[in-house]
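The values are calculated or read from the model by the stated rules, or taken from the named source; none is laboratory data. Note that the coordinates shown come from a computational prediction; the quantities given were computed from them, not determined experimentally. Don't worry about glycine lacking a Cβ; one is built from the backbone with ideal geometry, like all the others, and counts go over all protein chains shown. What goes into the accessible areas is simple: the full protein's heavy atoms, side chains included, and nothing from ligands, DNA or RNA. Shrake-Rupley method; radii C 1.70, N 1.55, O 1.52, S 1.80 Å.
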Amino acid sequence: ELPDGGARPNAAQFKQLVVSALRELHGEVGAALPVDVLTYEEKTLSAILRVISSGLVKLWSALTLLGFYQNRRCAFRVLQTSPFLLALSGNSRELVLD
Amino acid sequence: MVRFKNRYVLCELLSDDPRCRHCIEDRAVGLAVRDAIGRVHGDYGLACCSISFTVKYLNAYTGTVLLRCRKDSYRLLCSALPFVRFLESRAQRYPCALNTLHVGGTIRTCQKFLIQYNRRQLVMLLQNCTNEEERQCIQKSLLSCSLTEEQSQSGDEEDDDGTE
């Protein structure tokens, strides 16, 4: 979330932001964690990230503690995590089976 | 369950610069190690390892350093030691390297290891030294350290005559 402000980051800048958050909290080891940005929407500023399961704690903690993007306040909200990509597409509790 | 367990990491400080030996001090080494941990493991690693981090023992003549840290974070510390590239003291930077010799749970086990290690180093120095006087010196210290346990302390200090 970026409260108003100016330019929105594009996909590469978004990835750079994630990696720099990891580098701040977990050092070079964290920055070397293989993180992939699978999709990124500039309009809603939402993305799907992929990370190895042992790195979830590091990634989530780094994203939570990231406060600034180019000297503007920002916040990351994690909406859903799941080991399967398909599960992120819909809410399985509202699934209606015919 | 009740007590805090520590790990003591015994390392050897290697450097090409002979001036480095004279300005090794525990604060400089501690700062260099902390800085390396901060670079490699970030804020989280730095805070984790700094809970009970001190330089317990430092021998400037032989370059032996004994560091203490918590048992939960000794792996972070050990993995960051190769990233210590220079010591900074009095606005001078000296390139150096830290070799890990032994990780123990108590100072006593580290000391036992250090005594055996120094004995083996003296034997190797005897084989490698070229000068006749050095040979005599080392032979004398070897003889003195193999007699009784207490004499081995004097054997440790003769080490620096052979190393540069």
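Some values worked out for this structure:
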| read-out | value |
| --- | --- |
| B:Thr62 - accessible surface, heavy atoms, 1.4 Å probe, Å² rounded to 10 | 30 |
| Solvent exposure ordering (accessible area, 1.4 Å, most first) of A:Tyr40, B:Tyr44 | B:Tyr44, A:Tyr40 |
| The range B:8-146, dipole about Cα centre (Lys/Arg Cβ +1, Asp/Glu Cβ -1), debye to the nearest 20 | 420 |
| Interchain or long-range residues, amide H under 5 Å from B:Thr64's placed H | B:Leu13, B:Asn59 |
| Estimated translational D of the range A:11-89 in µm²/s (Stokes, Kirkwood radius over Cα pairs; 10 °C; 1.306 mPa s) | 122 |
| Chain B: DSSP helices with Cα axial extent of at least 30 Å and average Kyte-Doolittle hydropathy no lower than -1.0 | B:107-128 |
| Calculated [θ] (222 nm, deg cm²/dmol) that DSSP helices of n ≥ 4 give over chain B, each run adding -39,500 (n - 2.57) | -16000 deg cm²/dmol |
| Accessible surface of chain A, 1.4 Å probe, proportion on carbon and sulfur as whole % | 56 |
| Where A:Lys43, A:Lys58 fall by accessible area, highest first, once all protein chains stay in place (1.4 Å) | A:Lys43, A:Lys58 |
| Area buried, chain B against chain A - accessible surface, total, 1.4 angstrom probe, square angstrom | 500 |
| Surface share of carbon and sulfur [accessible, 1.4 angstrom probe, percent] for the range B:1-105 | 51 |
| Accessible area in square angstrom per residue, chain B, 1.4 angstrom probe | 61 |
| Shielded by partner chains, the range B:39-57 residues - at least 10 Å² of accessible area, 1.4 Å probe, vs chain alone | B:Arg39, B:Val40, B:His41, B:Gly42, B:Asp43, B:Tyr44 |
| Lys, Arg +1 and Asp, Glu -1 on Cβ, resulting dipole of the range A:11-89 about Cα centre, debye, nearest 20 | 180 |
| Whole-angstrom gap from the range B:51-89 to the range A:5-35, using each part's C-alpha centre | 30 |
| Convex hull volume of chain B per residue (C-alpha atoms, cubic angstrom) | 115 |
| Fraction in percent of alpha-carbon pairs per bin - 10 Å, the protein assembly as shown | 6, 22, 22, 18, 13, 9, 6, 3, 0, 0 |
| Signed unit charges on C-beta, dipole axis of the protein assembly as shown, positive-most listed residue B:Tyr74, B:Gln111, A:Leu17 | A:Leu17 |
| B:Tyr61 - accessible surface, heavy atoms, 1.4 Å probe, Å² rounded to 10 | 150 |
